[in-house]
Structures are given as structure tokens and as C-alpha cells.
Amino acid sequence: MKNKDIITVGKISFWLFFILGNICLFGYLVTKIEAFASYGFLLLFFAAPVNLVVIAILIIYGLFNKHYLKECIKAALIICINIPIAILYFYLGIFLMGFSSN
């Protein structure tokens, strides 16, 4: 795998789950259809293990191929950018769902 390909894996994983999370959040905000919120919470439970597996594979790959370790860590950190965003969206979802049910 090339350096560029390793970084691309991290970027694809980041953008895929970031865009899906935004679709769920803003879909609920615009339409008030609770299915968007439900799928958003389901996405959290699906995305966390998938991203952890991708991060683990990148780190293991980097450990076995030392000259790619720096790129693997960089790609893993790109994926980790989603963690605070997911936490924020989780609390926004809890707040909005609790707020709208009154």
C-alpha cells in the first residue's frame, strides 16, 4: 500500500461517517421525522466498531511495515476527529429528542 492510499483510507472512513451523521442530524432538524434520529443513534453503534477496526488494522499494518507507521498513525488520527463530533451529535440528539417529545 502506498502512503497516499493509507491516508485515503482514513479520509474515506472519516468523511463517510461524518456525512452519514450530518444526514441524520440535519434530516431530523429539518423534517422532525424521528427515523432520522433513530438511524443517527444506530449509526453511532455501527460506526464506533467499524472505525475501531479500521484504526486497529492501520496501526497493525504500520507496526508490521515500519516505514508506513507515520502515515498509518496520521490516517488513524484523521478518523479520530469524528469522536468529539459524534459526542456532540449524541448530546444534541438526546436534547432535541427530549425537547421535541414535550
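Just a few scattered comments:
- What separates the Cα centres of the stretch 72-102 and the stretch 36-60 is a distance of 11 Å.
- Candidates G21, F95, I59 compared by Cα position along the dipole of the chain: farthest toward the positive end lies I59, with charges placed on Cβ.
- Dimensions of the chain from C-alpha coordinates, computed as largest minus smallest value along each principal axis and given longest first, are 56, 17, 16 Å.
- C-alpha long axis of helix 82-100 to longest principal axis of the chain, angle in °: 10
- Annotation: peptides 59-68, 39-48, ranked by per-residue average of other Cβ atoms within 10 Å with the highest first, follow the order 39-48, 59-68.
- Once the chain from F90 to A48 is taken as fully extended at 0.36 nm per residue, the excess over their C-alpha distance is 13.9 nm.
- Charge dipole of the chain (Cα centre as origin; +1 on each Lys and Arg Cβ, -1 on each Asp and Glu Cβ, all else neutral): 380 debye, rounded to the nearest 20.
Any read-out appearing in this document is the output of simple, stated calculations on the displayed coordinates, not a laboratory observation. The shown structure was predicted, so the numbers you read here are calculated from the model rather than taken from an experiment. Please note: Cβ atoms are built from the backbone with ideal geometry, for glycine as well, and neighbour counts cover all protein chains shown.
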